[in-house]
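Okay, structure first, notes after.
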Amino acid sequence: MGLLSILRKLKSTPDQEVRILLLGLDNGGKTTLLKQLASEDISHITPTQGFNIKSVQSQGFKLNVWDIGGQRKIRPYWRNYFENTDVLIYVIDSADRKRFEETGQELAELLDEEKLSGVPLLIFANKQDLLTAAPASEIAEGLNLHTIRDRVWQIQSCSALTGEGIQEGMNWVCKSVNAKKK
Amino acid sequence: MLGYIWQYFYASFFRYWLKWFIRQVTGKCELQRICSGYKPGATRTTKAEYSLQSSKNKVLRNALQASSDDLEQCVDQIMQEKNVKAQKDPRFKESLQLCLFQITGYKSLYASVEDLRKEVFDSEKLEHETMLLKLWDLLMPTVKLESRVTKQWGDIGFQGDDPKTDFRGMGLLGLINLVFFSENYTDAARQVLFHANHPKLGYSYAIVGINLTEMAYSLLKSGALKPHFYNTILGKPELQHFHQLYCYLAYEFDKFWVAEEPESIMQFNHYREKFHSQVKAQLQDPNVSLTLTVHPKN
């Protein structure tokens, strides 16, 4: 096979594009997660005003990841990004127990959104590198995840800082996209 | 490709032959020609920096790493190496020393800035807490903070009830810049805050400030700010000069944002990049000086 035909073959099967929405409260670690996914430096991160977007290649997919700022003031804008979402990733700061209730409420509201109905949900129980972090099982219970019946979901403990657990989570994302498209 | 080849040959051979030839004709070494040919400022210092950096002579190259106390000695050594007679070129010593103060000063400024950035905001430290409360008082002189953790922080543009999580990758540097602006340009800072709290065109004052600290920091780190500091500070740049530059960015970004009338805060990163490119373009001008034109109080 010549080089040209290989190139042509590559061109004929472009990566399938997947739209991923990254949501959660401020200081949850969404931007750090996004930068880890794109293998970028995570030491200079500042609070997200507005949103960040990055495209990452993974397992034959082109993942377009939208990281939307989490502060209360801009949460009303979240809905502008719901359309055509393939997977929702919700990021929780597992060490910020004081805000578990708030994060649970925001998640519950998201799950009620019509435009997100049936969209697979991955919850990252982030910041597991901190000693005070609650385990994923405790968070799953607190959020009543077992009552979710209208979509596939998964909770994955991770540390966006060290990168631990992220690959496992993304594998689940790709798997659920595959299942959905079939 | 041809350009690269030419550059390679130029840097490794022709430059030296050319320098040698001109030296024979004029009787002056390259550094002397730079110091006498240009006014103090970015053009002169940048050329001197390049000349020292690409020198084959270790004494010249090492001068770039010297500490500010040793600079005078370095210049004496360079004059000896290059056989420059003080009687023949009386201003050379002073000029080269100034260049070296600026060049080495820029590096040590980056080191000090990096130290502050790496220092994490810590609620246990009284000094940090005092600074945070001072920021509130400077920006909101008529409103009392009800408690340390309160929704009121949102009024000056922090994200949640406790600002400590917003400093993140910029550490104490972000807070110091915010306080410096409010303290030294109080009216300008309050005016910017007033714009930031506009119901439609508004943005989050404090976290945009922290974001602009990141911009100032990365411009410093990449060396892009050299011409600015070489032009404006005829000596060793200090931390306060970096804070001044932050003030310039905070004030100018606000003007830019208001003039652009963005659709909503969600467009922030787009306009941030546009502003960033504009600043980088300004820094290409050898006469650049990013100085705030409003007068500091007092």
Exercise. Is the stretch A:36-51 home to any residue that is touching an Asp or Glu at 6+ places or on another chain (Cβ under 8 Å), part of a loop (DSSP other than H, G, I, E, B) and either in contact (Cβ under 8 Å) with a residue 40 or more places away in the chain or more than 12 Å from every other protein chain (Cβ to nearest Cβ) (or both)?
Worked result: no
Problem set entry | Count - residues of the stretch A:114-146 that are open to solvent by 40 Å² or more (accessible area, probe 1.4 Å) and touching a Phe, Trp or Tyr at 6+ places or on another chain (Cβ under 8 Å) | 2
Exercise. Which residues, counting only those in the stretch A:21-72, are under 16 Å from the mean Cα position of the chain (by Cα) and polar (S, T, N, Q)?
Worked result: A:Asn27, A:Thr31, A:Thr32, A:Gln36, A:Ser39, A:Thr48, A:Asn52, A:Ser55, A:Gln57, A:Ser58, A:Asn64
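Can you pull out the residues in the stretch A:161-180 that are part of a helix (DSSP H, G or I) and hydroxyl-bearing (Ser, Thr, Tyr)?
Kept after step one, since they are part of a helix (DSSP H, G or I), are these residues of the stretch A:161-180: A:166-180.
Hit for the stretch A:161-180 is A:Ser176, nothing else.
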For this session: Quick one: B:Val120 ticks every box in (1) within 14 Å of chain A (Cβ to nearest Cβ); (2) without any contact (Cβ under 8 Å) to a residue 24 or more places away in the chain; (3) among the hydrophobic types (A, V, I, L, M, F, W, C) except a single one, so which number is it?
Result: (2)
Seminar exercise, completed: In the stretch A:82-112, residues that are acidic (Asp, Glu) and either within 14 Å of another protein chain (Cβ to nearest Cβ) or open to solvent by less than 40 Å² (accessible area, probe 1.4 Å) (or both) total 6
For this session: Restricting attention to the stretch B:111-127, report how many residues are open to solvent by 60 Å² or more (accessible area, probe 1.4 Å) and among the hydroxyl-bearing types (Ser, Thr, Tyr).
Result: 0
For this session: Would you please name the residue that is nearest to the other protein chains (Cβ to nearest Cβ), looking only at residues in the stretch A:64-81 that are over 30 Å from B:Gly171 (Cβ atoms) and either open to solvent by 50 Å² or more (accessible area, probe 1.4 Å) or outside any helix (DSSP H, G or I) (or both)?
Result: A:Asn80
For this session: Tally the residues that are closer than 23 Å to B:Ala250 by Cα, assigned to a helix (DSSP H, G or I) and not hydrophobic (A, V, I, L, M, F, W, C), restricting the search to the stretch B:130-165.
Result: 9
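Restricting to the stretch B:53-76, what's the tally of residues that are in a helix (DSSP H, G or I), over 24 Å from the mean Cα position of the chain (by Cα) and buried (at least 17 other Cβ atoms within 10 Å of the Cβ)? First the steps, then the outcome.
Narrowing the stretch B:53-76 to residues in a helix (DSSP H, G or I): B:53, B:58-63, B:68-76.
Now narrow it down to the ones that are over 24 Å from the mean Cα position of the chain (by Cα): B:58-60, B:72-76.
Now restrict to residues that are buried (at least 17 other Cβ atoms within 10 Å of the Cβ): B:60, B:74-75.
So the count comes out to 3.
Does A:Phe61 count as touching a residue at least 40 places away in the same chain (Cβ under 8 Å), open to solvent by less than 30 Å² (accessible area, probe 1.4 Å) and closer than 19 Å to B:Met266 by Cβ? It would help to see each step written out before you state the result.
Numbers: touching a residue at least 40 places away in the same chain (Cβ under 8 Å): yes; open to solvent by less than 30 Å² (accessible area, probe 1.4 Å): yes; closer than 19 Å to B:Met266 by Cβ: no.
No.
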Problem set entry | Residues of the stretch B:176-211 satisfying the condition of being under 17 Å from the mean Cα position of the chain (by Cα), open to solvent by less than 10 Å² (accessible area, probe 1.4 Å) and more than 9 Å from every other protein chain (Cβ to nearest Cβ) | B:Asn177, B:Leu178, B:Phe181, B:Gly209
For this session: Restricting attention to the stretch B:244-298, report how many residues are under 13 Å from B:Leu225 (Cβ atoms), away from chain A (no Cβ under 14 Å) and outside any loop (DSSP other than H, G, I, E, B).
Result: 6
Seminar exercise, completed: How many residues of the stretch B:39-52 are in contact (Cβ under 8 Å) with a residue 12 or more places away in the chain and not in a helix (DSSP H, G or I)? The answer is 2
Problem set entry | Cross-chain or 6+ apart pairs with Cβ under 8 Å, the stretch B:266-287 first and surrounded by fewer than 17 Cβ atoms within 10 Å (Cβ to Cβ), then among the β-branched types (Val, Ile, Thr) | B:Gln282/B:Val288; B:Pro286/B:Thr43; B:Pro286/B:Thr46
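Hey, can you tell me all the residues within the stretch A:115-154 that are small (Gly, Ala, Ser) and more than 19 Å from A:Lys175 (Cα to Cα)?
Taking the stretch A:115-154 as the starting set, the residues that turn out to be small (Gly, Ala, Ser) are A:117-118, A:125, A:133-134, A:136-137, A:140, A:142.
If the condition is that a residue be small (Gly, Ala, Ser) and more than 19 Å from A:Lys175 (Cα to Cα), then A:Ala125, A:Ala133, A:Ala134, A:Ala136, A:Ser137, A:Ala140, A:Gly142 are the ones that fit.
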Exercise. (1) loosely packed, with under 14 Cβ neighbours inside 10 Å; (2) among the charged types (D, E, K, R); (3) farther than 17 Å from A:Gly29 by Cβ; (4) at pLDDT 95 or above: which one isn't true of A:Arg149, the others all being true?
Worked result: (4)
Problem set entry | Selection count where residues are under 18 Å from A:Leu33 (Cα atoms) and not in a strand (DSSP E or B), scope the stretch A:89-112 | 4
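Looking at B:Pro227, B:Pro237, B:Pro199 in this structure, which one is modelled with pLDDT of 95 or more and not in a helix (DSSP H, G or I)? Explain how you work it out, then say what you get.
Numbers: B:Pro227 fails: not in a helix (DSSP H, G or I); B:Pro199 fails: modelled with pLDDT of 95 or more.
Exactly one residue qualifies, and that residue is B:Pro237.
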Problem set entry | Condition broken by B:Lys107, with the remaining ones in (1) open to solvent by 40 Å² or more (accessible area, probe 1.4 Å); (2) in contact (Cβ under 8 Å) with a residue 60 or more places away in the chain; (3) assigned to a helix (DSSP H, G or I) satisfied | (2)
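Which ones in the stretch A:41-64 are among the aliphatic types (A, V, I, L, M) and under 18 Å from B:Met215 (Cβ atoms)?
First, the residues of the stretch A:41-64 that are among the aliphatic types (A, V, I, L, M): A:42, A:45, A:53, A:56, A:63.
Correct list: A:Ile42, A:Ile45.
The values are calculated or read from the model by the stated rules, or taken from the named source; none is laboratory data. Here the structure is a predicted model, which is why all the values come from computation and not from measurement. For neighbour counting, all protein chains shown are included, and Cβ atoms are generated from backbone atoms with ideal geometry for every residue, glycine included. SASA here: full protein model, heavy atoms, side chains in, ligands and nucleic acids out. Shrake-Rupley method; radii C 1.70, N 1.55, O 1.52, S 1.80 Å.
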